[in-house]
Amino acid sequence: MAATISFIFRIIVGGIFLLAGLAKISDPVRFLLTLREFQLFPEVIIRFLAVYLPWLEFILGLFIILGILCWTSSLMLACLNAVFTLAILSVIIRGIDIDCGCFGLLADILKIPDSADIKAVIRNLLFIGMCLYIFFVKDTVISIENYVRGYQGKP
């Protein structure tokens with residue numbers, strides 16, 4: 001049962017990050033402008049994040065779906081979500097009303113609200129919980145790692 005729940009969480013979290021990363025990759029200027037609105041980093045870091053963070057999200061999302069470095073990917077996604085949550089909390093505390101940029105162009109296409117608000121914080125905390133579940137359960141079904149190792153129920 002735990003392995004099945006872990007697999008479901010892998011598909012949910014992986015799919016969301018794969019799509020969110022892809023949406024930001026397709027419109028890097030928009031993501032760069034969103035990062036500036038957070039007023040957290042100097043320009044050189046913003047430019048670096050605007051280029052590489054979407055690719056990291058995309059790759060980690062793909063890895064966790066396929067079950068490649070699944071536990072490492074889940075821990076990295078939990079840490080990314082923790083950083084995203086702190087960034088959103090910082091703009092809430094400072095009274096800055098912006099979009100979080102979490103889903104980029106995808107938010108427009110699917111008409112998903114993308115505000116940096118308490119709902120985004122709660123959503124991120126749920127993602128962190130799912131990622132930590134995947135990390136600590138260490139048992140999953142349908143993964144490339146299991147196929148390569150010969151599935152025995154444990155990592």
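Bear in mind that the values in this text are calculations on the coordinates, not laboratory data. Model, not experiment: these values are computed from the prediction. All Cβ positions, even for glycine, are placed from backbone atoms using ideal geometry, and neighbour counts span all protein chains on display.
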Taking segment 38-48 and the residues there that are surrounded by fewer than 17 Cβ atoms within 10 Å (Cβ to Cβ) and in contact with a helix residue (DSSP H, G or I) (Cβ under 9 Å, 6 or more places away or on another chain), the one that is farthest from Val91 (Cα to Cα) would be Arg47
Filtering segment 94-143 down to residues that are charged (D, E, K, R) and either farther than 24 Å from Gln39 by Cα or touching an Asp or Glu at 6+ places or on another chain (Cβ under 7 Å) (or both) yields Asp99, Lys111, Asp114, Lys138, Asp139
Note on Tyr52: of the conditions (1) under 29 Å from Phe136 (Cα atoms); (2) surrounded by 14 or more Cβ atoms within 10 Å (Cβ to Cβ); (3) hydroxyl-bearing (Ser, Thr, Tyr), unmet is (2)
Picked from segment 1-19 (must be surrounded by fewer than 21 Cβ atoms within 10 Å (Cβ to Cβ) and of a type in the set (Gly, Ala, Ser)), the residue farthest from Phe63 (Cα to Cα) is Ala2
Counting only residues that are aliphatic (A, V, I, L, M), touching a residue at least 24 places away in the same chain (Cβ under 8 Å) and crowded, with 16+ Cβ neighbours inside 10 Å, segment 70-86 contains a total of 4
Exactly one of Phe58, Phe48 is among the aromatic types (Phe, Trp, Tyr) and within 22 Å of Phe135 (Cα to Cα), and that one is Phe58
Residue set Tyr133, Tyr52; condition hydroxyl-bearing (Ser, Thr, Tyr) and either over 30 Å from Ala2 (Cβ atoms) or in a strand (DSSP E or B) (or both); output residue Tyr52
Expected single match for touching a residue at least 40 places away in the same chain (Cβ under 8 Å) and in a helix (DSSP H, G or I) among Ala23, Ala120 is Ala23
